[in-house]
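Reviewing the structure listed below.
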Amino acid sequence: MTRRGRIVTLASAAVRSGRHGPPGGPQDAPPRPVSRRTGAWFLVLPALIPILVLSVGPLLYGIALAFTDAQSGRTRATQWVGALNFQDLLHDTLFWDSFRIGLVWAFGVTVPQFLLSLGLALLLNQRLRLRWLARALAIIPWAMPEVVVGIMWRLVYSPDAGVLNETLRDLGLGDGRDWLTGLATALPAVIVVGVWAGMPQTTVALLAGVQNAPQELHEAAALDGAGAWRRFRTVTWPVLRPVALAVTALNFIWNFNSFALVYVLTNGGPGGRTRLPMLFAYEEAFHYGQFGYAAAMGCVMVAVISVILAVYLAGRLGGGEGR
């Protein structure tokens, strides 16, 4: 074969094999695969940056601030004091009183909120006329800011022209009272508002869980003669239980960290009867300028919430979902 014939043969082989360069050149190297982990981080980054800047960063700064004597209006540099703020906190009876009030508030709101929301979710799951309208009305408090809810309920509790006192007078049940300034009625009155304001999101979550219960099991249980309570206990509750646990844990955390609603209603009064831990920390930081001491309070509250979450997750991971 002549030289020209060999060149034509090699060129034809290169074309058939899809190779247009010399053997062993860069065209033979396979394309480098893009790392899946790198691609995943690239996709998560837009959501991760706001979390780091607005949540993780302030949290770490607050923890560091708790070990200093930072105060407002000081000209000298902030000094590192170690665990002194936490030592003072252990002997601060006002803080532990607010902590006790916070626990009473959290339990007092979370438990009735769950029970009433469960009943409302079961009702809204029935085949009722205008059920769509009832479901829409049930979530109205959810669409209202906490400040607006607080102002509205202050008008309801108003001692002179409030709806509650006027209703009591019309029914002949007394001349009414000042609900938000009475030492015995302030905390129960605020708890009622907290239950009312938090019911919509709890109802929506529980309604979604109730709708996951298989309808054919309900029908089979009804045919076997099971009543409404037995059908709920044996069919609905096993499906609803994981949702109920998650919603209850989250509600307790949110309620324990409440601020705006109680601040608008009572500002912690009367006599500190409704001063929640978050309100107490706010007063220490922005009324008295004790930023380091207030940060130590925040760390204690974060630790308490972390313990609650750890107990909850331990129950879930330990087989709570499967029961």
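The values are calculated or read from the model by the stated rules, or taken from the named source; none is laboratory data. This structure is a prediction, so every number in the text was calculated from the model and none was measured. Positions of Cβ are backbone-derived with ideal geometry, glycine not excepted, and every protein chain shown enters the neighbour counts. For the accessible areas, the whole protein counts, side chains as well, though only heavy atoms, and no ligand, DNA or RNA atoms are used. Shrake-Rupley method; radii C 1.70, N 1.55, O 1.52, S 1.80 Å.
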- [ ] Kindly establish whether residue 267 is touching a residue at least 24 places away in the same chain (Cβ under 8 Å) and closer than 24 Å to residue 145 by Cβ.
- [x] no
Task: Hits in segment 197-211 - residues which are of a type outside the set (A, V, I, L, M) and surrounded by fewer than 18 Cβ atoms within 10 Å (Cβ to Cβ) - done: 211
Task: Inter-residue pairs, beta-carbon under 6 Å, first more than 18 Å from residue 202 (Cα to Cα) and among the aliphatic types (A, V, I, L, M) and in segment 221-242, second assigned to a helix (DSSP H, G or I) and open to solvent by 60 Å² or more (accessible area, probe 1.4 Å), 6+ apart - done: 221/231; 235/217
TODO: Please enumerate the residues belonging to segment 126-160 that are part of a loop (DSSP other than H, G, I, E, B), over 27 Å from residue 205 (Cβ atoms) and open to solvent by 80 Å² or more (accessible area, probe 1.4 Å).
DONE: 160
Task: Contacts under 8 angstrom Cβ, first residue in segment 293-322 being more than 16 Å from residue 64 (Cβ to Cβ) and among the aliphatic types (A, V, I, L, M), partner modelled with pLDDT of 75 or more and open to solvent by 30 Å² or more (accessible area, probe 1.4 Å), 6 or more apart - done: 301/257; 301/278; 305/257
TODO: Just give me the residues in segment 242-298 being within 28 Å of residue 178 (Cα to Cα), part of a loop (DSSP other than H, G, I, E, B) and small (Gly, Ala, Ser), in sequence order.
DONE: 258, 268, 269, 271, 272
- [ ] Tell me which residues, restricted to segment 169-184, are open to solvent by less than 70 Å² (accessible area, probe 1.4 Å) and out of contact with any Asp or Glu (no Cβ under 8 Å at 6 or more places or on another chain).
- [x] 172, 174, 178, 179, 180, 182
Task: Filtered residue count, segment 178-200, keeping only those that are more than 26 Å from residue 270 (Cα to Cα) and either hydroxyl-bearing (Ser, Thr, Tyr) or at pLDDT below 90 (or both) - done: 0
TODO: Looking only at segment 212-230, decide whether some residue is outside any helix (DSSP H, G or I), surrounded by 15 or more Cβ atoms within 10 Å (Cβ to Cβ) and within 22 Å of the chain's Cα centre (by Cα).
DONE: no
